[in-house]
Amino acid sequence: MTQYSDTMLRDVLDRTKVVAVVGVSTNPVRPSYFVARYLKLKGFRVLPVNPAYQGTQLFGETVVGSLDDLTASVDMIDIFRRSDAVPDIVDEALTALPHLRTIWMQIGVEHAEAAAKAEARGITVIQNRCPKIEYQRLHGELRMGGFATGVISSKL
């Protein structure tokens, strides 16, 4: 697993305001749904992308079929698709999203060539990680293993 510093992860999450979740599900038991919902609850604008649900409403936004269909400026995409789908998603993102700063691939999703292509364009790439888990861990909601600590802290 690629190592990312806490400072780098915190910087990415702090600068991100709008996240397009590629492969989001409308099923509340699916990880893509509860990660997107969590990000929305934490103040991110979440733009759902999935052709299977195109035109439906999710988290106060209309689901679009592709990144090309987005009209808002996007800071980060969060990819909930298999690794073999990543190159096409990255190519589409590089074309459709001129202000994109981060490509985040979920746990189990990696593609070195697509990551290198995006990084060559100045985009930060995070692979095989979950922004929900990292946000919770960096904000004292989780321990390193990803479990709730049950401890209330006065740390800022």
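The values are calculated or read from the model by the stated rules, or taken from the named source; none is laboratory data. Note that this is a predicted model, so its numbers are computed, not measured. Counting neighbours? That spans all protein chains shown, and the Cβs are built from the backbone with ideal geometry, glycine included.
Can you tell me which residues in region 68-84 are surrounded by 14 or more Cβ atoms within 10 Å (Cβ to Cβ), farther than 17 Å from Lys40 by Cβ and touching a residue at least 24 places away in the same chain (Cβ under 8 Å)?
Passing the criteria: Ile79, Arg81, Ser83.
Give Thr56, Thr95 a once-over and let me know the one that is farther than 21 Å from Tyr135 by Cα, in contact with a Pro (Cβ under 9 Å, 6 or more places away or on another chain) and not acidic (Asp, Glu). If you could, list the steps in order and put the result at the bottom.
Working: Thr95 fails: in contact with a Pro (Cβ under 9 Å, 6 or more places away or on another chain).
Unique residue meeting the criteria: Thr56.
Just checking, which of Lys42, Lys17 is closer than 19 Å to Glu134 by Cβ, surrounded by fewer than 21 Cβ atoms within 10 Å (Cβ to Cβ) and out of contact with any strand residue (DSSP E or B) (no Cβ under 8 Å at 6 or more places or on another chain)? Spell out how you get there, then give the answer.
Working: Lys17 fails: out of contact with any strand residue (DSSP E or B) (no Cβ under 8 Å at 6 or more places or on another chain).
Going through Lys42, Lys17 in turn, the sole match is Lys42.
Of the conditions (1) surrounded by fewer than 18 Cβ atoms within 10 Å (Cβ to Cβ); (2) over 21 Å from Thr124 (Cα atoms); (3) not charged (D, E, K, R), Thr95 fails just one. Which one is it?
Condition not satisfied by Thr95: (2).
All but one of (1) over 22 Å from Pro51 (Cβ atoms); (2) among the charged types (D, E, K, R); (3) buried (at least 21 other Cβ atoms within 10 Å of the Cβ) hold for Arg129; state the number of the condition that does not hold.
The single condition Arg129 does not satisfy is (3).
Considering every residue within region 45-67, establish whether at least one is touching a residue at least 60 places away in the same chain (Cβ under 8 Å) and either surrounded by 14 or more Cβ atoms within 10 Å (Cβ to Cβ) or within 12 Å of the chain's Cα centre (by Cα) (or both). Let's see the steps before the verdict.
Here is the first cut: in region 45-67, the residues touching a residue at least 60 places away in the same chain (Cβ under 8 Å) are none.
The answer is no; no qualifying residue exists.
When you scan region 108-143, how many residues do you find that are modelled with pLDDT under 95, outside any helix (DSSP H, G or I) and either hydrophobic (A, V, I, L, M, F, W, C) or within 18 Å of Gly43 (Cβ to Cβ) (or both)?
Residues flagged as modelled with pLDDT under 95, outside any helix (DSSP H, G or I) and either hydrophobic (A, V, I, L, M, F, W, C) or within 18 Å of Gly43 (Cβ to Cβ) (or both) within region 108-143 amount to 4.
Looking at region 1-34, which of its residues are closer than 20 Å to His139 by Cβ, charged (D, E, K, R) and free of Cβ contacts under 8 Å to residues at least 40 places away in the same chain?
Within region 1-34, Asp11, Asp14 qualify.
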